[in-house]
Amino acid sequence: MRGLGELEAAVMDVLWSSPEPPHRVRDVLEELTPQRKLAYTTVMTVLDNLHRKGWVQREMDGRAYRYRPSATREEVTARALRDLLDASGDVETVLLHFARSVSERESAVLRDALGEPPDGMGGR
């Protein structure tokens, strides 16, 4: 994910993948421990940094914070795509290249989202 370090991305994956947010630092640490040897304070610092950057929200629960993503993985991915388009210098050409690369299923999803009939004419 753009703008995140490796450990920050791993923490976000835990938060996005879990069905029961919000999570305490200990919850995130337990999910990460099988893959990595991390200290509690390391995960706490990463979550604090993610909060400061706006990636997560937190709420006080007793003496500890509970964390939840500020946006879904899909919303973040869509924003990253938007940023790439904006940075391209030629949005139309990039979109045309992208449109030629999508699968039939992806094409159907796009047509449906744009409210166009399957023939792609859209009433034009």
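The values are calculated or read from the model by the stated rules, or taken from the named source; none is laboratory data. Owing to the predicted nature of the structure, the values given are computational and were not obtained by experimental measurement. Ideal geometry is used to build each Cβ from the backbone, glycine not excepted, and the neighbour counts take in all protein chains shown. Quick note on the areas: whole protein, heavy atoms, side chains included, nothing else; ligands and nucleic acids left out. Shrake-Rupley method; radii C 1.70, N 1.55, O 1.52, S 1.80 Å.
I'd like the full set of residues that are among the hydroxyl-bearing types (S, T, Y) and surrounded by fewer than 12 Cβ atoms within 10 Å (Cβ to Cβ), limited to the range 73-114. Outline the logic, then answer.
Initial filter on the range 73-114 (among the hydroxyl-bearing types (S, T, Y)): 77, 88, 93, 101, 103, 107.
Within the range 73-114, T93, S101, S103 meet the criteria.
Each residue in the range 18-66 was checked for being touching a His at 6+ places or on another chain (Cβ under 9 Å) and either over 27 Å from R79 (Cα atoms) or open to solvent by 70 Å² or more (accessible area, probe 1.4 Å) (or both), and 4 of them qualify. Condition check for P118 on (1) open to solvent by 80 Å² or more (accessible area, probe 1.4 Å); (2) at pLDDT 90 or above; (3) in a loop (DSSP other than H, G, I, E, B): one failure, at (2).
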